[in-house]
Amino acid sequence: MAVIKANAYGHGMLEIAEASVSAGATWLGVATLDEAIAVRSKLSQNVPILVLGYVAPQYLPLVSQFRITVTGISLEWIQEAAQIAQQPFDFHLKLDTGLNRLGCKTVEEVQAAMKIISQNPNLNWTGVFTHFATSEDMENKTYFYRQLASFDEFLNVIPNRTNKIIHCANSGATLYHPEKPFFNMVRLGKALMGPPNEALKHLLPFQLQTSLSLHSILGLVKQLDAGEKISYGGEYTTTEKQWIGTIPMGYADGWHQQFKANAVLVDGKRVPIVGRISMDQIMVALPQKYPTGTRVTFIGQQGNETIVGDEIARTANQPRSEVFSSLSSRLPRIYMQDGSIISIRNAMLDSINLS
Ligand SMILES: Cc1ncc(COP(=O)(O)O)c(C=O)c1O
């Protein structure tokens, strides 16, 4: 399963869905019913789509209409769905083995859920799954193994599992615990877009290339005298004559204030962000004058210098997926294959004919 929720972690939901299915993914995973309906309506390939998160049972008619598979997140959800459903719908039963987010928590709940399912033909149970909390913790694997054992215990009380899809492994489990068979499906999100964790790159069973880079340009370059204040609040003051570049990107594009300590690349060199990041503009201190239009790299490579998503995540004390998934829809996405542009998506202008 290719997990393409949250705009495929900021990379672009439809493009990543299409590429993943073309590359062999047989399922797509999303977080919400809206995401599922968007993918079902716009994707030419016809693949099963699982909503991994909560779907209010009142929307079950849409679930059936768009042939979406949803998640039975609790006994209560199954009871409510059984009362509401007027037509058959597919769902996977979620088991909570220790993430304590979604899923039936006890064997008794699972047994009660299975009883309701067996009595209601509209509740078409097609799979069962759980989700790990610590699959990338290679120093202490105890909790990971405890969750796996708990999943096995749950499965033992679920009859008729033949032809059901049984899944538990995310990117970390799949790549860093390859000794485990992981039943008959794995769910990959992060791993679709590169090594899930730079620090664990050496454990990868095969090479993965990072797919995303983020670039802008210098929109304005000017020289300021010493003592000039830069950006809102005047938090930065020039100490000498300084070349300052203004970049047309800001926190509304997903480059948050917390990323301010990270340098950007200009002319193959790391240059610091100066002053507060504003909604649409970022200022940087340049070692010399550069022409307007000079490329600025926030994530990616210029010459011998590379900034990876993990570096941004580390300084901002965020998971890398949080950095990527908050890259906003205002940023145009350019999709490339073997060095050539294959498509450009500009969410703002998508439905406008600019001929
Ligand atoms: C239920 C579920 N499965 C799979 C994934 C994919 O995880 P990863 O990006 O670590 O592969 C997620 C992402 O958070 C998820 O919530």
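Computed from the coordinates by the stated procedures, all read-outs in this text should not be read as laboratory data. Model, not experiment: these values are computed from the prediction. A quick note on method: Cβ atoms are made from the backbone with ideal geometry, for glycine too, and the neighbour counts reach across all protein chains shown.
With point charges of +1 on the Cβ of Lys and Arg and -1 on the Cβ of Asp and Glu, referenced to the Cα centre of region 143-243, which listed residue (Phe183, Tyr143, Ser211) lies farthest in the positive direction of the dipole?
Looking along the dipole axis, the top candidate is Phe183.
Where the only charges are on Cβ atoms (+1 Lys, Arg; -1 Asp, Glu), what is the dipole of the chain about its Cα centre, to the nearest 20 debye?
300
Taking the Cα centre of the chain as the origin and placing charges on Cβ (Lys, Arg +1; Asp, Glu -1), which of Val51, Gln337, Leu327 is farthest toward the positive end of the dipole?
The listed residue farthest towards the positive side: Gln337.
Below 13 angstrom from the Cβ of Gly275, what's the summed charge of the other residues (Lys, Arg +1; Asp, Glu -1)?
Net charge around Gly275: +1.
Work through the residues other than Val323 whose Cβ is under 11 Å from its Cβ and net out their charges, Lys, Arg +1 and Asp, Glu -1.
-1
I need the semi-axes of the equivalent ellipsoid of region 61-100: take the C-alpha gyration tensor, multiply each eigenvalue by 5, square-root it, list largest first in whole angstrom.
21, 12, 6
HN-Hα J couplings of region 180-195 from phi, Karplus 6.51/-1.76/1.60, θ = phi - 60°, integer Hz, Gly and Pro as x?
8, x, 6, 6, 10, 7, 10, 10, 10, x, 3, 5, 5, 10, x, x
Need one word for region 257-316: rounded, prolate or oblate. Basis is the Cα gyration tensor (sqrt eigenvalues a ≥ b ≥ c); a/c below 1.5 gives rounded, then a/b vs b/c decides.
oblate
Assuming 1.567 mPa s and 4 °C, estimate D for region 247-355 with Stokes-Einstein, Rh taken as the Kirkwood radius over Cα pairs, in µm²/s.
D, rounded to a whole number, is 85 µm²/s.
Of Thr315, Gln65, Asn304, which is farthest along the charge dipole of the chain in the positive direction, counting Lys and Arg as +1 and Asp and Glu as -1 at C-beta?
Value: Asn304.
Once you list every other residue whose beta carbon is under 11 Å from the beta carbon of Val47, what net charge do they have if Lys and Arg are +1 and Asp and Glu are -1?
Here the count lands on +1.
Using the Cα atoms as the points, what is the convex hull volume per residue of region 1-74 in Å³?
Value for region 1-74: 76 Å³ per residue.
Ignoring everything except DSSP H segments at least 4 long, calculate the 222 nm mean residue ellipticity for the chain; use -39,500 (n - 2.57) per segment, divide by total residues, nearest 500.
After summing the helix terms and dividing by residue count, I get -7000 deg cm²/dmol.
Specify the angular offset, from 0 to 90 degrees and rounded to the nearest 10, of the alpha carbon long axis of helix 75-84 from the longest principal axis of the alpha carbons in the chain.
On a 0 to 90 degree scale, this one is about 70.
Roughly how many whole Å is it from the C-alpha centroid of region 299-336 to that of region 72-150?
Centre-to-centre distance over Cα atoms comes out at 34 Å.
State log₁₀ I(q)/I(0) for region 200-298 at q = 0.11, 0.15, 0.18 Å⁻¹ as given by the Debye formula over alpha-carbon point scatterers of equal weight, solvent excluded.
At q = 0.11, 0.15, 0.18 Å⁻¹ the computed log10 ratios are -0.36, -0.60, -0.80.
May I ask you to give the average projected area over all directions of the convex hull of the Cα atoms of region 119-206, in nm² rounded to one decimal?
7.0
If you take every DSSP beta bridge whose two residues both sit in the chain, what share of them, in percent to the nearest 5, is antiparallel?
55
Once all Cα-Cα distances of the chain are split into 10 Å bins that start at 0, what whole-number percent is in each one?
Reading upward from the zero bin: 5, 21, 27, 22, 14, 8, 3, 0.
I need the phi-derived Karplus couplings for region 331-338: 6.51 cos²θ - 1.76 cosθ + 1.60, θ = phi - 60°, integer Hz, Gly and Pro marked x.
6, x, 9, 10, 9, 10, 9, 6
Multiply the residue separation of Tyr232 and Asn120 by 0.36 nm, subtract the distance between their alpha-carbon atoms, and state the gained length in nm to one decimal.
Fully extending the segment from Tyr232 to Asn120 adds 34.3 nm.
Between Lys42 and Arg161, take the C-beta separation as r, use R0 = 22 Å, and let me know the FRET efficiency to the nearest 0.05.
0.05
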